Amino acid sequence: MNFNFPLLKPIRIILFPFSLIYFVAIYIRNRFYDKKLLPSQSFGLPIICVGNIAVGGTGKSPMVEFLVRELGNDYRLATLSRGYKRKTRGYVLADDNTTALDIGDEPMQFHLKFPELAVAVGEERIAAVPQLLHDRPDTRAIILDDAFQHRAITAGYNIVLTDYNNLYSRDWYLPTGDLRDEKSSVHRADTIVVTKCPPDLSPEEATAIREELNPLPSQKIFFATIRYGALYHIIHQSTTVITNDVEVLLVTGIANPRPIKKILTDQTLSYEQMVYSDHHIFTIDDLNDIAKRFAQITAKQKIILTTEKDAVRLVKFSRELKDLPVFVLPIEMQFLFGDTDRFSHLIGTFIAQFSPIATASNE
């Protein structure tokens with residue numbers, strides 16, 4: 001469900017008393033962890049946690065991919081995710097026969113993009129880490145995807161993301177707002193990244209945001225935007241470009257399709273869209289509906305456009321898709337103000353200088 005759908009906003013306001021109950025629950029839970037009444041386990045290797053304190057898309061997958069690209073040549077990496085909306089249970093390590101139904105769409109995306117990467121999923125991450133290390137004993141560092149609020153594991157380095165269009169400092173708790181954790185929990189982060197910024201974000205606005213977020217003296221703040229790659233066909237990988245005379249049918253099943261819709265608004269005269277729920281598992285009936293809607297578009301030049309996350313849930317229909325012009329729009333995270341090297345250096349230094357004793361002392 002898209003909580004930010006305009007018609008839901010009055011309902012969210014009515015649910016304000018429940019957000020107070022939710023806040024009390026997460027407050028008590030966090031205090032239990034702070035006072036060690038609930039246990040938190042550390043491990044003897046570098047663990048980098050990528051997460052947020054709000055529901056919805058803040059760019060966690062592009063951040064994980066950025067880390068893999070920047071660090072993968074120097075270190076043997078693994079990713080560990082919950083595997084949201086997969087059809088399996090327990091710990092699963094991706095192999096050549098794995099599908100998105102086995103591990104979820106984001107992990108499958110990592111697996112397809114980085115075949116050398118160990119990609120694992122498990123609801124109980126604290127149990128999945130030892131299993132992953134048993135299966136891949138040469139692992140040098142683990143990236144925990146979407147795990148900041150799961151405090152059963154003490155990560156050595158925490159990266160918290162917040163959407164430029166919905167900063168956590170301006171948000172409220174579920175179900176009235178989008179926050180799923182206390183705002184003060186951000187103090188546990190080593191680095192805060194403001195994602196999905198305008199590419200032309202001014203230094204003055206960045207300074208204003210930095211002052212609003214009011215980080216601790218030890219915390220670093222970075223600003224990042226989305227960079228789009230060349231469109232490629234979902235099956236045979238041929239590329240294309242979108243021009244004003246191309247009619248687009250946009251098909252999405254993600255939490256926040258606004259950035260891709262903005263791209264189409266800027267680059268096309270008009271487009272149509274078919275919106276599915278976040279992490280929607282596409283069926284053959286869905287594909288038939290998409291093909292029927294596409295056939296009704298009268299333009300001579302037309303394509304179907306989808307996201308990388310949706311593509312991993314559609315590619316199972318390879319036979320049906322090979323003759324349809326279904327193109328995928330890849331995205332990457334790009335740091336602003338020339339901060340790519342500075343950010344990469346911070347993470348690389350953490351791995352290189354990792355000390356299990358230091359991590360244990362921070363619990």
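A simple packing score, the average count of other Cβ atoms within 10 Å per residue, orders the peptides 234-242, 138-146 as 138-146, 234-242, with the highest score first.
Go through 330-336, 270-276, 173-179 and give me the packing order, highest mean Cβ count within 10 Å leading.
Working: 330-336: 18.1, 270-276: 15.4, 173-179: 21.1.
Going by the mean number of other Cβ atoms within 10 Å, highest first, we get 173-179, 330-336, 270-276.
Before anything else, pin down the relative contact order of the chain: Cα pairs under 8 Å, at least 6 apart, normalised by residue count, whole percent. All intermediate terms of the calculation are to be shown ahead of the outcome.
On the way: 619 pairs, mean separation 76.5, N = 363.
For the chain, the relative contact order is 21 percent.
Sort 185, 218 by Cβ crowding within 10 Å, fewest neighbours at the top. Don't skip to the answer; put the middle values down first.
Working: 185 21, 218 8.
Ordered by Cβ neighbours within 10 Å, fewest first: 218, 185.
With Cα Rg over 2.2 N^0.38 Å in mind, check [x] 1.18; [y] 1.01; [z] 1.30 and report the label derived from this structure. Derived directly from the coordinates: [y]. Each residue, residue 262 and residue 208, gets one label point 7 Å from its Cα in the Cβ direction; the gap between the two is 1.6 nm. Rounded to 0.05, the FRET efficiency of the residue 269 and residue 89 pair, given R0 = 51 Å and the Cβ-Cβ distance, is 0.60.
When a/c is below 1.5 the answer is rounded, else prolate if a/b is larger than b/c, else oblate, so apply that to region 231-329 with a ≥ b ≥ c taken from the square roots of the Cα gyration tensor eigenvalues. Because its axes are fairly even, with a/c under 1.5, region 231-329 counts as rounded.
For region 231-329, averaging the sequence separation of C-alpha pairs within contact (under 8 Å, six or more residues apart) and dividing by the residue count gives a relative contact order of 40 percent.
Determine the distance separating the Cα centre of region 82-153 from the Cα centre of region 268-318; give it in Å without decimals. With region 82-153 and region 268-318 each reduced to a Cα centre, they are spaced 28 Å. Sorted on the mean count of surrounding Cβ atoms within 10 Å across their residues, most packed first, peptides 316-323, 302-309 read 302-309, 316-323. The length gained by stretching the chain between residue 218 and residue 337 to full extension, at 0.36 nm per residue less their Cα-Cα distance, is 40.8 nm. The length gained by stretching the chain between residue 318 and residue 11 to full extension, at 0.36 nm per residue less their Cα-Cα distance, is 106.4 nm.
Backbone amide hydrogens, once placed in the peptide plane, bring residue 56 within less than 5 Å of nothing, excluding anything fewer than 5 places away on its chain. Compute the acute angle (0 to 90°) between the alpha-carbon long axis of helix 125-135 and the principal axis of greatest extent of the alpha-carbon atoms of the chain; round to the nearest 10°. Value to nearest ten degrees: 80. Potential lengthening of the chain between residue 135 and residue 96 amounts to 12.5 nm, from the contour at 0.36 nm per residue minus the alpha-carbon distance. In this structure, residue 292 and residue 123 have a Cβ-Cβ separation that, at R0 = 30 Å, corresponds to a calculated FRET efficiency of about 0.20.
Read the figures in this text as sums done on the coordinates, not as results from a lab. Since we're looking at a predicted model, the values are computed, not measured. When we count neighbours, we look across all protein chains shown, and the Cβ atoms used for this are built from the backbone with ideal geometry, even at glycine.
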